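Enquirer: First, the structure itself, so that you have it in front of you.
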Amino acid sequence: MKSNNRRAIMAALLANLGIAVAKLLAFAFTGAASMLAEAVHSMADTTNQGLLFLGGALARRRATDQHPFGYSRERYFWAFIVAVVIFTVGAIFAMYEGIEKLLEPHRLESVHWALGVLGLAIVLESWSFHTALTEAKRDMNRQFGGKSWMGYIRNSKNPELPVVLLEDAGALLGLLIALAGILLALLTGDPRFDAMGSLAIGVLLAGIAVVLAIEMRSLLLGESASPHVKDIIRGAVEGHPDTRRLIHMRTEHLGPEDILLAAKVEFSQDLDLLRLSEAIDSVERQIRERLPWARLIIYIEPDLFRNSHQAPPEP
């Protein structure tokens, strides 16, 4: 796992751990349902950062005969588990707590505790979110050469940064919802506003969990490299003096930085076997030099271009 991922995860872990403790204290003094929902949300997020660290550690294991391409997909698997945790622990608990308090309203006490903790939580979550945005921007430029934030979350091959981004964004929005619910309950004297805040937080977390589960499922199934990365590979192959054209290629991310590349390439026909072998090695070096961040497994097959029989280029 790269250092920018670790920085973002560590910032989120420290922020969520501190916030969870503060929210539990606030719930103990106020009895606010939305505050308890937010406390469970923060505890789930803290657990999730631990799972992301676990996935990064397991992914560093060396390849074996049973897993010849290594264990990089561990990071995708544990990010998928994070989505499950957000839904089962965060969303379901928040909705259950909200429904229970709607059916049996509970008057809020010591509201100043809740407001103070929410203010502290917003500051800490903003720091964590800013750290994640900074690191994700670097990753976005590397993978895509720039992209919208929604496009980055939808297309990133890095599981940790989109998870932390969505968690932090959801946490900030959840804090604002909890703040609104408590203020409305205080101003109107109706504690059901607090319960509705808890319900809204549950719906928000469920939505984030569904988005993450869909994206991590796609990565687990195997996604091709981004168009930006494929253009770099194509340029490296076709720019070599001993190649005539890239006939077609297939790529697949085995992990965020691990890419499997298989390509058919037409080389100059005057190359003998030794020079052809040297040309293939040279093309591979050129690809690696242009993608220094990637761990590439490359298979290049020399071939002749036959338009009617050749497989189409990778989309």
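Enquirer: Please work out which one of (1) surrounded by 15 or more Cβ atoms within 10 Å (Cβ to Cβ); (2) in contact (Cβ under 8 Å) with a residue 60 or more places away in the chain; (3) in a loop (DSSP other than H, G, I, E, B) is the condition residue 190 fails and give its number.
Expert: (1)
Enquirer: Where residues in region 214-239 are of a type in the set (Asp, Glu) and not in a loop (DSSP other than H, G, I, E, B), which of them is nearest to residue 82 (Cα to Cα)? Quick ask: steps written out before the conclusion?
Expert: Initial filter on region 214-239 (of a type in the set (Asp, Glu)): 215, 223, 231, 238.
Right, trim to not in a loop (DSSP other than H, G, I, E, B) and you get 215, 231, 238.
Working: 215: 12, 231: 33, 238: 41 Å.
The qualifying residue nearest to residue 82 (Cα to Cα) is 215.
Enquirer: Mind checking whether some residue in region 136-155 is farther than 19 Å from residue 79 by Cβ and hydroxyl-bearing (Ser, Thr, Tyr)?
Expert: Taking every residue of region 136-155 in turn, at least one turns out to be farther than 19 Å from residue 79 by Cβ and hydroxyl-bearing (Ser, Thr, Tyr).
Enquirer: Checking residue 224 against (1) over 24 Å from the mean Cα position of the chain (by Cα); (2) at pLDDT below 95: exactly one of these is not met. Which one?
Expert: (1)
Enquirer: Find the residue count for region 1-42, including only residues that are part of a helix (DSSP H, G or I), over 20 Å from residue 172 (Cβ atoms) and at pLDDT below 80.
Expert: Step one: of region 1-42, the residues part of a helix (DSSP H, G or I) are 3-30, 33-42.
Still in the running and over 20 Å from residue 172 (Cβ atoms): 3-6, 25, 28-30.
From the residues that got through so far, the ones that are at pLDDT below 80 too are 3-5, 29-30.
Selection size over region 1-42: 5.
Matching residues to (1) in contact with an Asp or Glu (Cβ under 8 Å, 6 or more places away or on another chain); (2) at pLDDT below 95; (3) exposed (fewer than 14 other Cβ atoms within 10 Å of the Cβ):
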position	(1), (2), (3)
257	no, yes, no
264	yes, no, no
268	yes, yes, yes
283	yes, no, no
295	yes, yes, no
298	yes, no, no
305	yes, yes, no
311	no, yes, yes
314	no, yes, no
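Enquirer: Are there any pairs, at least 6 apart or on different chains, whose C-beta atoms fall under 7 Å, with the first in region 234-246 and in the same structural domain as residue 288 (by TED's automatic domain parsing) and under 16 Å from residue 271 (Cα atoms) and the second part of a loop (DSSP other than H, G, I, E, B) and of a type in the set (Phe, Trp, Tyr), and if so, which?
Expert: From region 234-246, the pairs are 245/305.
Enquirer: Ok, one more. May I ask you to verify whether residue 118 is in contact (Cβ under 8 Å) with a residue 12 or more places away in the chain and either under 24 Å from residue 188 (Cα atoms) or outside the structural domain of residue 164 (by TED's automatic domain parsing) (or both)?
Expert: Values: in contact (Cβ under 8 Å) with a residue 12 or more places away in the chain: yes; either under 24 Å from residue 188 (Cα atoms) or outside the structural domain of residue 164 (by TED's automatic domain parsing) (or both): yes.
Yes; evaluated as a whole, the condition is true for this residue.
Enquirer: Sticking with this one: Can you pull out the residues in region 95-144 that are within 31 Å of the chain's Cα centre (by Cα) and polar (S, T, N, Q)?
Expert: Hits for region 95-144 are 126, 128, 131, 134, 141, 143.
Enquirer: Take region 144-164 and flag every residue that is in a helix (DSSP H, G or I), surrounded by fewer than 24 Cβ atoms within 10 Å (Cβ to Cβ) and in contact (Cβ under 8 Å) with a residue 60 or more places away in the chain.
Expert: Here is the first cut: in region 144-164, the ones in a helix (DSSP H, G or I) are 144, 149-155, 160-164.
Add one more test, that the residue is surrounded by fewer than 24 Cβ atoms within 10 Å (Cβ to Cβ), and what stays is 144, 149-155.
If the condition is that a residue be in a helix (DSSP H, G or I), surrounded by fewer than 24 Cβ atoms within 10 Å (Cβ to Cβ) and in contact (Cβ under 8 Å) with a residue 60 or more places away in the chain, then 144, 153, 154, 155 are the ones that fit.
The values are calculated or read from the model by the stated rules, or taken from the named source; none is laboratory data. Values in this document were obtained by computation on a predicted structure and should not be read as measured data. Here the Cβ is made from the backbone with ideal geometry for all residues, glycine too, and neighbour counts use every protein chain on show.
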